[in-house]
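The block underneath contains the structure these notes are about, expressed in structure tokens.
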Amino acid sequence: ITSPFSCLSGYFQDLLNKSEKALYDAFPSMYGELYTQNMKVFKDLYSELRRYYRSSNINLEEALNEFWTRLLERLFKLMNPQYHITDEYLDCMVKHAEQHKPFGEVPRDLKVKATRAFIAARSYAQGFLVGSDVVKKVSQVSLSHECTRAIMKLMYCPHCRGMSSVRPCNNYCLNVVKGCLANQADLNTEWKYLMDSLIVVADRIDGPYNVDTVIGTIHMRIAEAISNLQENKDSITAKVFQGCGNPKISTKGSSNEDKKRRGKVTLEPKSSAQALEMLVLDAKGNLTALKTYWITLPGSLCSKRVMASSVSDDKCWNGMTKGSYLPEVMGDGLANQINNPEVEVDITKPDMTIRQQIMQLKIMTNRLGNANIGNDVDFQDTSDDMSGSGSGDSCPDDVCGKRLSKSPSTRQPETHAIPKQSGHGVNGASSRSLPSASLLLLSVAAIAPQHLWR
């Protein structure tokens, strides 16, 4: 399954790769020794840009400033081979560089545009990774014993009663799943904010911070900067000499620098704006569809995994027999499960793993907000693995018996234990009942990636 994230992520990296290759292909013939003797400077720049995109701890502005400084120092020495230029002299020259602008306006312009484009691209990629990580961890949260019993009753009891062809009533299935996934539904608000933020950043990627015209043309801007330096070599050298003094004449004599190629830059951009536009439109469409993912998940599970009967069907499994299902469908989220007729839920004890994921969504949304206005964001890898397992089958008598009385005034609240990372099943449930609980979790795990990355 190809995801909007992987497509756009691959597109960003492809732009950078093509720009670097174009530089390596064209610069030797365009600049001769100016390039061949400074190849490492260019390679280091692209290496730093890749590291930044992959969320390494790099200050992008400082990396760009360092590139222009190193390039200026090396080119100035190559263009003035008759002089003995010391490191101290180069330090003085660099201090005056901002005033003399040897590369013209290219460094400042590229720094502004590249920083915004890379921040947007990197933040977009990180937002998708956070969303994927949230789904992964939430899908591994263990079910309560009461939820395990409710799922068993929903799916297996018709078989025990000799009604294997009777499907569960849709509203009955919804109440069971909404009760079991009550905590997950509470992700909805922050999840929607994350999707909205990703859509805004996607607009920036194809708009004001257009990665096509920035990342894909870095080599052209470098060529433009070098040409500015070449064309204004004499005046810039004179200004440096005036500010830093005349360096000593070198005893090594002149080099072959004058053999460098001159002339206008002939690099041409290969426009792929339409491809980027289509990728962004596809990503935004998927993001919009995902906004209500967590509150529509029960409906998806009931229709795609449980194959529940239609709402108006009066010949479906209602938990006791074949007939209509009369109780109303509960609302979404933990607070709305206090009167759930199928699953006992302690609404005073939210699942801590899911609360932690809600916080991760908030943090990522805040970071995307900063990226949206061009502010850099530090990302840290906070992923860790959780797992759950279980095995067994059959239908316990206490589950398939008559419907339990569920008066709100007499019901004892069900306590949801915090899931353990070792994931050895659900406390209190027999090993024979675990596949039913696992089925719902596996359904979440199976359906979630299909919706997220389709």
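The values are calculated or read from the model by the stated rules, or taken from the named source; none is laboratory data. Every value quoted in this text rests on a predicted model; they were computed, and no experiment measured them. Positions of Cβ are backbone-derived with ideal geometry, glycine not excepted, and every protein chain shown enters the neighbour counts. When the accessible area is computed, the model is the full protein with side chains, heavy atoms only, and any ligands, DNA or RNA have been set aside. Shrake-Rupley method; radii C 1.70, N 1.55, O 1.52, S 1.80 Å.
When you check V106 against the structure, is it aliphatic (A, V, I, L, M) and without any contact (Cβ under 8 Å) to a residue 12 or more places away in the chain, yes or no? Spell out how you get there, then give the answer.
Numbers: aliphatic (A, V, I, L, M): yes; without any contact (Cβ under 8 Å) to a residue 12 or more places away in the chain: no.
Criteria not met by V106.
Restricting to the stretch 140-189, name every residue that is closer than 27 Å to T365 by Cα, open to solvent by less than 10 Å² (accessible area, probe 1.4 Å) and in contact with a Ser or Thr (Cβ under 8 Å, 6 or more places away or on another chain).
Within the stretch 140-189, just V141 meets the criteria.
If a residue must be crowded, with 22+ Cβ neighbours inside 10 Å and polar (S, T, N, Q), how many such residues does the stretch 322-343 contain?
Matching residues across the stretch 322-343 total 2.
Can you confirm whether L281 is open to solvent by less than 80 Å² (accessible area, probe 1.4 Å) and modelled with pLDDT of 80 or more?
Numbers: open to solvent by less than 80 Å² (accessible area, probe 1.4 Å): no; modelled with pLDDT of 80 or more: yes.
Spelling it out, it is not the case that L281 is open to solvent by less than 80 Å² (accessible area, probe 1.4 Å) and modelled with pLDDT of 80 or more.
Considering only the stretch 41-63, how many residues are open to solvent by less than 60 Å² (accessible area, probe 1.4 Å), out of contact with any Leu (no Cβ under 7 Å at 6 or more places or on another chain) and touching a residue at least 12 places away in the same chain (Cβ under 8 Å)? So that I can check it myself, show each step before the final result.
Of all residues in the stretch 41-63, those open to solvent by less than 60 Å² (accessible area, probe 1.4 Å) come to 41-42, 44-50, 52-53, 55-56, 58, 60, 63.
Now narrow it down to the ones that are out of contact with any Leu (no Cβ under 7 Å at 6 or more places or on another chain): 44-45, 47-48, 53, 55-56, 58, 60, 63.
After this cut, where a residue has to be touching a residue at least 12 places away in the same chain (Cβ under 8 Å) as well, the list is 44-45, 48, 53, 55, 60, 63.
Counting residues in the stretch 41-63 that are open to solvent by less than 60 Å² (accessible area, probe 1.4 Å), out of contact with any Leu (no Cβ under 7 Å at 6 or more places or on another chain) and touching a residue at least 12 places away in the same chain (Cβ under 8 Å) gives 7.
Could you check, for the stretch 200-214, whether at least one of its residues is closer than 21 Å to I354 by Cα and part of a helix (DSSP H, G or I)? If you could, list the steps in order and put the result at the bottom.
To start, the set of residues in the stretch 200-214 that are closer than 21 Å to I354 by Cα comprises none.
No, the stretch 200-214 contains no residue that is closer than 21 Å to I354 by Cα and part of a helix (DSSP H, G or I).
Just the residues that are touching a Leu at 6+ places or on another chain (Cβ under 7 Å) and at pLDDT below 90, please, taken from the stretch 95-114.
The one that is touching a Leu at 6+ places or on another chain (Cβ under 7 Å) and at pLDDT below 90: A97.
Considering each of L71, L23 in turn, give the residue that is more than 30 Å from Q274 (Cα to Cα) and either at pLDDT below 95 or not basic (K, R) (or both).
Details: L23 fails: more than 30 Å from Q274 (Cα to Cα).
Of the residues listed, the single one that is more than 30 Å from Q274 (Cα to Cα) and either at pLDDT below 95 or not basic (K, R) (or both) is L71.
Within the stretch 216-229, can you find the residues that are at pLDDT 90 or above and either more than 18 Å from E20 (Cα to Cα) or not charged (D, E, K, R) (or both)?
T217, I218, H219, M220, I222, A223, A225, I226, S227, N228, L229
Can you tell me which residue in the stretch 31-40 is farthest from R367 (Cα to Cα), limited to those that are at pLDDT 85 or above and open to solvent by less than 40 Å² (accessible area, probe 1.4 Å)?
Keep residues of the stretch 31-40 that are at pLDDT 85 or above, which gives 31-32, 35-40.
From the residues that got through so far, the ones that are open to solvent by less than 40 Å² (accessible area, probe 1.4 Å) too are 31-32, 35, 38.
Values: Y31: 41, G32: 44, Y35: 39, N38: 37 Å.
So, considering only residues that are at pLDDT 85 or above and open to solvent by less than 40 Å² (accessible area, probe 1.4 Å), the one farthest from R367 (Cα to Cα) is G32.
Looking only at the stretch 36-62, count how many residues are part of a helix (DSSP H, G or I) and over 25 Å from E98 (Cβ atoms).
7
If only one of K137, K77 is open to solvent by 30 Å² or more (accessible area, probe 1.4 Å) and either over 33 Å from the mean Cα position of the chain (by Cα) or modelled with pLDDT of 90 or more (or both), which one is it? Step through it out loud before you land on a result.
Values: K137 fails: open to solvent by 30 Å² or more (accessible area, probe 1.4 Å).
K77 is the lone residue from the list that is open to solvent by 30 Å² or more (accessible area, probe 1.4 Å) and either over 33 Å from the mean Cα position of the chain (by Cα) or modelled with pLDDT of 90 or more (or both).
Scan the stretch 63-90 for residues that are in a helix (DSSP H, G or I) and among the hydroxyl-bearing types (S, T, Y) and jot them down.
The first filter runs over the stretch 63-90 and keeps only residues in a helix (DSSP H, G or I), leaving 63-79, 87-90.
Residues satisfying the conditions are T69, Y89.
Could you say which residue among L368, L334, L361, L326 is more than 30 Å from D196 (Cα to Cα) and modelled with pLDDT of 90 or more?
On the way: L368 fails: more than 30 Å from D196 (Cα to Cα); L334 fails: more than 30 Å from D196 (Cα to Cα); L361 fails: more than 30 Å from D196 (Cα to Cα).
After applying the criteria, what remains is L326.
Of all residues in the stretch 224-251, which are open to solvent by 30 Å² or more (accessible area, probe 1.4 Å) and polar (S, T, N, Q)?
Listed by number, the residues that qualify are N228, N232, S235, Q242, N246, T251.
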